[in-house]
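The structure under discussion appears below in the form of structure tokens.
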Amino acid sequence: MRICTLTVLTTLLLGTCIFAHAQQTTPMSVEVFPFELEDKSAGAGIIPPDEHDRRYLSESAQVAKDMLARSGRFTVIDAPASDVQAAAPHGLRNCSGCEGKIAKQHGASLALLGVVTRVNRTEHTMFIRILDAETGKPVSVGFTDLRMGANYAWPRSVKWLMTNRILR
């Protein structure tokens, strides 16, 4: 009787471990929205974002997408720009978490928003937030004020945040 009980318990434990492992390896879908620039520099309103700013914002979003996909924990969904503009004409950072609702409409479980705040032409801060699309609650949040480098450094800030805050 004792061997039978031990066999049953071992089988249940093994089955539970296999089920738990299967659940952990199922990638979650995450919609990565275009990164946004919040310009707080003295030139804000005088010097509009240029092609370099747009390029480095795009590269920053791509770094986040690549790192999420490489982690094996996420399936990345791209956000259609028209949907974002229609839902949040003044930026997702100003819509109180509406990116979660948009991601849910696109079938994603999570929503990632990245915001670069330009302090001046050579310093910036960065904020990345991942929301649960169902509840709108934060799943992961990262902020850095590395403040090193102009717009060409934004993708490096994303890499640091993803490595040290978001994907830990």
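The values are calculated or read from the model by the stated rules, or taken from the named source; none is laboratory data. These numbers come from a predicted model, not from an experiment. Here the Cβ is made from the backbone with ideal geometry for all residues, glycine too, and neighbour counts use every protein chain on show.
In table form, for the structure just shown:
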{"item": "Tabulated pairs, region 123-134, first without any contact (Cβ under 8 Å) to a residue 60 or more places away in the chain and crowded, with 21+ Cβ neighbours inside 10 Å, second among the charged types (D, E, K, R) and part of a strand (DSSP E or B), C-beta under 7 angstrom, 6+ apart or interchain", "result": "HIS124/ARG118"}
{"item": "Neighbours by Cβ (under 9 Å, 6+ apart or cross-chain): first from region 27-39, touching a residue at least 12 places away in the same chain (Cβ under 8 Å); second part of a loop (DSSP other than H, G, I, E, B) and β-branched (Val, Ile, Thr)", "result": "ASP39/ILE47"}
{"item": "Count - residues of region 139-152 that are out of contact with any helix residue (DSSP H, G or I) (no Cβ under 8 Å at 6 or more places or on another chain) and either of a type in the set (Gly, Ala, Ser) or farther than 10 Å from GLU123 by Cα (or both)", "result": "2"}
{"item": "Test: residue in region 108-116 that is small (Gly, Ala, Ser), surrounded by 15 or more Cβ atoms within 10 Å (Cβ to Cβ) and either at pLDDT below 95 or over 15 Å from PHE33 (Cβ atoms) (or both)", "result": "no"}
{"item": "Among (1) surrounded by 12 or more Cβ atoms within 10 Å (Cβ to Cβ); (2) out of contact with any Leu (no Cβ under 7 Å at 6 or more places or on another chain), the one test that LEU92 misses", "result": "(2)"}
